[in-house]
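The values are calculated or read from the model by the stated rules, or taken from the named source; none is laboratory data. Bear in mind the structure is a predicted one, so any value in this text is a computation, not a measurement. Cβ placement follows ideal geometry from the backbone for every residue including glycine, while neighbour counts extend to all protein chains displayed. For the accessible areas, the whole protein counts, side chains as well, though only heavy atoms, and no ligand, DNA or RNA atoms are used. Shrake-Rupley method; radii C 1.70, N 1.55, O 1.52, S 1.80 Å.
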Amino acid sequence: MNSIVNSFCREARRLAADPWDLAMVTWVPLLGVALLWWIFSAGLPRHLAVGVVDEDHSSLSRQLVRMLDATPGVQITQQFANTGEAERALRNIEVYAVVTIPRDFARTVKEGRTAQVTLLHNAQMGTHSGLLQRDVRAAVGTLSAGIEMAARNKRGEAARAVRVSMEPIHTQMVALFNVSSNYEQFLGAALIPALLHILAMTAGAWTVGRELRDRSLGEWLGNALGDAPGAGGPLHTAGSLIGKLALPWATLTLVGLLALVGITWGRGWHPPGNLAWVAGALALLMAVSLTAGAALAALTRSLRTALSGAGFFAAPAFAFSGVAFPLSGMPASARAWAEAMPFTHYIRLQIEQLQMGAPLSTSVSTMGALLVATGVLGLVGTVGLHLAARRPDTWGGR
């Protein structure tokens, strides 16, 4: 217990003496979380810039333009004289898509023939492209259906019969979770713990690696080899490691909990699952991340290598988590790598509780796995530090 307290106090003094190190585990994570929240605070992307090439200039084409502009995700910002101007605007990302209305559009429709409206969109921007395709398809489909229904009514068909004949088979799509497709609740809530995961793993590597770089490992561990009477060995080292990581764990966990409460209750969102369970899993994720970074520093005995390793493991964790790209669509090797990442399991638990309202029994195994991973990585870090303490000649490496 003394080793934990002494190490904690020593780390607190060190952070108080170095404002930049203190910033990396206090206000910098808070600023990063606030920035991510601000980016996704709109919830749904709206008023995406779209251009129009209207070669018909008829009342029907102008009606279509008005209907496009009235959809939530589209804002007609420019009208181009030709497709060349439209393509230049697309390449310069002045607009995200261009709708082309062909010449003789209205006359073709009046003659009962099929008229084609073309949507040019940048598919490299997947979110923009998907939303614009949906809204443009809805606007064009509504106009087309209205024209067809008006024509059949003029021929004497009843309105109800027209609706049935136009859509004899109706598809009912029911969204079970995240009904409003809110990107703040779906993507923002997932990116915030991913950012904290990266910062925590980096903090663990830096906190331990700095002692090796500055050749102060012996001073920190306080004779951990047990040369003096009554001195502890590996247990003393373990206590010193816990005390050193306790402060960054507390600050990063607090930032994560503030973000979790802010993005849920603070935004009027009351998740169907257990918020306290998610908070506990988030605290364990911070513990796993810190001990993983510390273990890397202890094993490599190099601050530079430990920081590189932390970036290698933590930075792509979100990409492999199954949120942006489904795990079932990944190759076997990529999925195996994803399953080895703690963030993959944490974010699955978060989605189960915040979005799906799953019973706690489905998430117990994840909590247990995070707890075991923390213990194993802490043990690896302790053994690595204990061995490093025996080799002062290996200290001081960058």
> Considering the stretch 48-166, what Rg and Dmax in Å follow from its alpha-carbon atoms?
Replying inline: 15.5, 50
> In a shell of Cβ-Cβ distance under 14 Å around residue 94, excluding residue 94 itself, what net charge do Lys and Arg (+1) and Asp and Glu (-1) give?
Replying inline: 0
>> Can you give me the angle between helix 59-70 and the longest principal axis of the chain, using Cα atoms only, in degrees from 0 to 90, rounded to the nearest 10?
In response: 20 degrees
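What's the ranking of 99-110, 356-367 by average number of surrounding C-beta atoms within 10 Å, highest first?
Details: 99-110: 17.7, 356-367: 14.7.
The packing order, highest mean first, is 99-110, 356-367.
Over the chain, average the accessible area per residue using a 1.4 Å probe and give it in Å², no decimals. Please list the in-between numbers first.
Values: 20480 Å² over 398 residues.
About 51 Å² of surface per residue is accessible.
For the stretch 106-157, what value does the Rg/Rh ratio take when both radii are computed over Cα atoms and Rh is the Kirkwood radius, given to two decimals?
So for the stretch 106-157, dividing Rg by the Kirkwood Rh gives 1.14.
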> Roughly how tilted is helix 234-263, in degrees to the nearest 10 and between 0 and 90, from the longest Cα axis of the chain?
Replying inline: 20 degrees
>> Percent of Cα-Cα pairs more than 40 Å apart in the chain, please.
In response: 38 percent
> Where q = 0.27 Å⁻¹, what log10 of I(q)/I(0) comes from the Debye formula for the stretch 3-70, counting one point per Cα?
Replying inline: -1.11
> To the nearest 10 degrees, how steeply does helix 364-389 sit against the main Cα axis of the chain, on a 0 to 90 scale?
Replying inline: 40 degrees
> What's the local net charge at residue 121, with K and R +1, D and E -1, over the other residues with C-beta under 15 Å away?
Replying inline: 0
> Summing +1 for each Lys or Arg and -1 for each Asp or Glu, what net charge is found among the other residues whose Cβ lies under 15 Å from the Cβ of residue 248?
Replying inline: +1
>> Which of rounded, prolate or oblate describes the stretch 199-309 when judged by the alpha-carbon gyration tensor and an a/c cut-off of 1.5?
In response: prolate
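When the accessible area of the stretch 48-166 is computed with all protein chains present and a 1.4 Å probe, what percentage of it is carbon and sulfur?
Working: 3370 of 7000 Å².
Accessible surface attributable to carbon and sulfur in the stretch 48-166 totals 48 percent.
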> Which one of 98, 150, 68 has its Cα pushed farthest toward the positive end of the charge dipole of the stretch 48-166, where Lys and Arg give +1 and Asp and Glu give -1 at the Cβ?
Replying inline: 150
